[in-house]
Structures are given as C-alpha cells and as structure tokens.
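Below is one structure, written out as structure tokens; comments come after it.
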Amino acid sequence: MKRIRKSTMNDLPEMLVIFDNARKYMASHGNPNQWHDNWPSKEILISDIELGQSYIVEDDEKGILATFAYIVGVDRTYLEIDGAWLTDKPYGTIHRLASSQRERDIFSYIISEITKNKLNMRIDTHSCNESMIRAILKNGFKYCGIISPVEGGLRNAYELVVE
C-alpha cells in the first residue's frame with residue numbers, strides 16, 4: 001500500500017541516494033544546473049526532517065518512491081515574482097521533490113494526497129526541467145511568473161488553486 005509520511009533520520013541514507021540519482025537524471029536530460037553541487041545538501045535535508053517538513057512516499061513492496069519538502073505558510077522565495085500569483089490566499093509549497101524512479105507519475109499521487117487539505121499549492125522549477133514542468137501542468141497548476149530562489153538562478157513559478 002502506498003502512503004505519505006514524515007521522513008525520519010532513518011530515511012536519510014536512502015533520501016541522499018534518491019537525490020544523487022535525481023541530479024544525474026536531470027543532468028542527462030538537459031537540466032544540469034538546477035541541483036548542481038550536491039543540492040540539496042545533507043544539512044538541508046536534516047533541517048527539513050528536524051522541522052517536520054520532510055516527507056516520503058513509500059510503498060510496502062517498492063520501498064521509498066519519492067521524497068519532498070512540504071511547507072505550509074508564506075515562503076520568502078515567493079514574496080517577489082516577475083508576474084503575478086493567482087491568489088493571495090494561504091498556501092503550501094513543495095520543494096526538493098525527487099523520485100526513486102520505481103513508479104511513474106508519483107507527482108500526481110503527491111498532489112492528490114496533499115490537496116485533500118484544501119490548501120492552495122505553489123511550486124517552482126528550472127525552465128530546463130521539462131519533465132517536471134509537464135507534471136506540474138498536468139496536475140492543474142498554472143504558470144504565474146519567474147522567481148529568484150535563495151540558492152540562485154531563476155525559476156518558473158506555478159500555483160494550483162484548490163476549490
């Protein structure tokens with residue numbers, strides 16, 4: 001059975017492997033710069049776990065399918081946008097999403113589960129991350145503009161208004 005749960009320090013070794021493989025995947029698919037230099041770092045992942053904002057998707061038979069940070073509340077990265085958000089209502093943000101590649105379309109599962117709380121969603125990705133952009137748009141997010149995250153560069157920003 002598939003489920004989402006908060007990550008623990010016991011999950012960290014596998015999470016690091018998933019992120020390492022995700023960096024290699026992105027580099028080999030035309031997106032070498034989004035997560036260069038071991039981004040996200042082990043320290044960031046530990047902080048996410050300690051803050052209770054790190055999650056994994058796991059399956060009884062397949063193990064860990066994905067890992068991500070889910071943060072509810074104002075995200076300082078999104079305070080300035082070259083464009084406009086769809087709403088100024090409260091929202092949750094997904095950051096640092098990586099899949100183990102053990103199951104397809106895991107992003108759709110994550111969105112379907114998280115939106116059960118009826119909170120709007122925001123997400124961003126590098127303009128070269130074509131597979132993520134496809135997944136974001138497929139799940140009802142709308143393009144809102146460009147943001148500048150703390151780690152540098154520019155990112156396409158999207159919002160999903162949950163009715």
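The values are calculated or read from the model by the stated rules, or taken from the named source; none is laboratory data. On a predicted model such as this, the values are computed, not experimentally measured, just so you know. Cβ atoms come from the backbone with ideal geometry, glycine included; neighbour counts cover every protein chain shown.
Exactly one residue out of 122, 104 is of a type in the set (D, E, K, R) and in contact with a Phe, Trp or Tyr (Cβ under 8 Å, 6 or more places away or on another chain), and it is 122. Is it the case that the stretch 3-15 has a residue that's at pLDDT 90 or above, assigned to a strand (DSSP E or B) and on the phi > 0 side of the Ramachandran plot? No, there is no match, as no residue in the stretch 3-15 is at pLDDT 90 or above, assigned to a strand (DSSP E or B) and on the phi > 0 side of the Ramachandran plot. Considering the stretch 123-154, and only residues there that are among the polar types (S, T, N, Q) and modelled with pLDDT under 95, the residue that is nearest to the chain's Cα centre (by Cα) turns out to be 125. Of the residues making up the stretch 52-71, those that are of a type in the set (A, V, I, L, M) and touching a helix residue (DSSP H, G or I) at 6+ places or on another chain (Cβ under 8 Å) are 56, 57, 64, 65, 66, 69. Determine whether residue 102 is in contact (Cβ under 8 Å) with a residue 40 or more places away in the chain, more than 15 Å from the chain's Cα centre (by Cα) and surrounded by 14 or more Cβ atoms within 10 Å (Cβ to Cβ). Yes; evaluated as a whole, the condition is true for this residue.
Against the numbered list (1) free of Cβ contacts under 8 Å to residues at least 12 places away in the same chain; (2) farther than 23 Å from residue 17 by Cβ, residue 87 comes up short only at (1). Does any residue of the stretch 20-30 turn out to be crowded, with 20+ Cβ neighbours inside 10 Å and either modelled with pLDDT of 90 or more or outside any helix (DSSP H, G or I) (or both)? The answer is no; no qualifying residue exists.
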